[in-house]
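Asks: My questions will all concern the structure given below.
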Amino acid sequence: LTSFVGRRREAQRVAELLRVNRLVTLTGPGGTGKTRLAVEVARRSVDAFPGGSYFVDLSPITDPLLIPDSIASALRFLPERSGRSVLEIIQEHLRDRTALLLMDNFEQVLAGADNVTVLLEAAPRIRVLATSRAPLGLSGEQAFPVPPLGILGATDDVAALRQSEAVSLFVDRATAVDPLFSLTDEDVTIVAEICAQLDGLPLAIELAASRVRLLPPRQL
């Protein structure tokens, strides 16, 4: 529900990788914006998948055996219990579809990554876009390390600082919590320093920006 700020180059590159690879995994530590980037790429690519684009949320589970159930839930269907496994029924469901599975937070169930291989082999027109703190380690996987937001080094160029990805994100999220928030030229360098101390991590920047209701940038 929030606006997508920055990441133009990354979003374009991931979309390009997804066009030529059936499995793309966005990697990086928590807070780097892997999920947000993946969702944006999926949104931009929706026309390429007439069979549907589905968000498979793996964050609630830690048991790899529950991966098929999470996929079935994302596909919005209840597999019939006919002696076949849930994974087998999903294979049949996807076999002839051109679809995208966005599998989020895979690091919690890496031991079940072979489910992805099974689906890719059974359904030749689907693609998987995963997010994980570590690659899935599967054949044919294209990993893409998600970098922090761009931060300018020490500079007096206020205009350039305003346009930097990290500062732009801070301003966008600060305005969301305080519509009267306005970034003065004096505050630009302060906000840039805040973003630099937070290593350009989007989640950390968003959390800091939410505090402007209580503290001005200098106090932050």
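Asks: Restricting things to alpha carbons, tell me how big the chain is in terms of Rg and Dmax, in Å.
Replies: That works out to 20.1, 68 Å for Rg and Dmax.
Asks: Is the range 1-63 best put as rounded, prolate or oblate by its Cα gyration tensor, with a ≥ b ≥ c the root eigenvalues, rounded for a/c under 1.5, and otherwise prolate when a/b is larger than b/c, oblate when not?
Replies: Working: a/c = 1.44, a/b = 1.13, b/c = 1.28.
Since a/c stays below 1.5, the shape of the range 1-63 is classed as rounded.
Asks: Quick check: net charge around ARG127, other residues with Cβ under 10 Å of its Cβ, Lys/Arg +1 and Asp/Glu -1? Show your work: numbers first, answer last.
Replies: Details: positive: ARG19, ARG22, ARG125; negative: none.
Net local charge, ARG127 excluded: +3.
Asks: Per residue, how large is the accessible surface of the chain? Use a 1.4 angstrom probe and give square angstrom.
Replies: With all protein chains present, the chain gives 52 Å² per residue.
Asks: How many percent of the accessible area of the range 50-200 is carbon or sulfur, using a 1.4 Å probe?
Replies: With neighbouring chains kept in place, the figure for the range 50-200 is 51 percent.
Asks: What is the chain's relative contact order, in percent, from Cα pairs under 8 angstrom and six or more apart in sequence? Walk me through the numbers on the way to the answer.
Replies: Numbers: 349 pairs, mean separation 55.2, N = 220.
It rounds to 25 percent for the chain.
Asks: Compare the Cα positions of ALA159, GLY33, VAL14 along the charge dipole of the chain (+1 at Cβ of Lys, Arg; -1 at Cβ of Asp, Glu; about the Cα centre) and return the one farthest towards the positive end.
Replies: Towards the positive end, the residue furthest out is VAL14.
Asks: Which shape class, rounded, prolate or oblate, goes with the range 45-102 when its Cα gyration tensor gives a ≥ b ≥ c as root eigenvalues, a/c under 1.5 marks rounded, and past that a/b bigger than b/c marks prolate? Provide the component values of the computation, followed by the final result.
Replies: On the way: a/c = 2.59, a/b = 1.26, b/c = 2.05.
Oblate.
Asks: Can you pull the accessible area of ARG97 for me, 1.4 Å probe, Å² to the nearest 10?
Replies: Answer for ARG97: close to 60 Å² accessible.
Asks: Which value results when the Cα radius of gyration for the range 69-124 is divided by 2.2 N^0.38 Å? If you can, show how the numbers build up before the last one.
Replies: On the way: Rg = 11.3 Å, N = 56, 2.2 N^0.38 = 10.2 Å.
Here the Cα radius of gyration is 1.11 times the empirical estimate.
Asks: Could you tell me the distance between the Cα centroids of the range 166-220 and the range 90-127, to the nearest Å?
Replies: Their Cα centres are 39 Å away from one another.
Asks: Something else now. Over the range 104-193, what portion of Cα pair distances is larger than 23 Å, expressed as a whole percent? Please list the in-between numbers first.
Replies: Working: 2032 of 4005 pairs.
Percent of Cα pairs beyond 23 Å in the range 104-193: 51.
Asks: Which value in Å is the Kirkwood Rh of the range 150-220 over different Cα pairs? If you can, show how the numbers build up before the last one.
Replies: Values: mean 1/r = 0.0855 Å⁻¹.
Value: 11.7 Å, from the Cα pair sum.
Asks: Taking the simple approach of a point 7 Å from Cα along Cα-to-Cβ for both VAL177 and ALA48, what is their distance in nm?
Replies: Here the answer is 3.6 nm between the modelled labels.
Asks: Taking loop as defined by DSSP and a crowding limit of 14 other beta carbons within 10 Å, which GluC sites (Glu not before Pro) in the range 23-101 fit? Don't skip to the end; give the middle numbers.
Replies: Values: sites: GLU40, GLU80, GLU88, GLU92; in loops: GLU80.
In loop regions of the range 23-101 (DSSP not H, G, I, E or B), the sparsely surrounded GluC sites (Glu not before Pro) are GLU80.
Asks: Tell me what the chain gives for mean residue ellipticity at 222 nm when only DSSP H runs of n ≥ 4 count, each as -39,500 (n - 2.57), the sum divided by the residue total, rounded to 500 deg cm²/dmol.
Replies: On the way: 9 runs with 90 residues, N = 220.
Computed ellipticity for the chain at 222 nm equals -12000 deg cm²/dmol.
The values are calculated or read from the model by the stated rules, or taken from the named source; none is laboratory data. Model, not experiment: these values are computed from the prediction. Every residue, glycine as well, gets a Cβ built from its backbone with ideal geometry; the counts of neighbours run over all protein chains shown. Ligands, DNA and RNA are stripped out before the accessible areas are found, and what is left, the full protein with its side chains, is counted by its heavy atoms. Shrake-Rupley method; radii C 1.70, N 1.55, O 1.52, S 1.80 Å.
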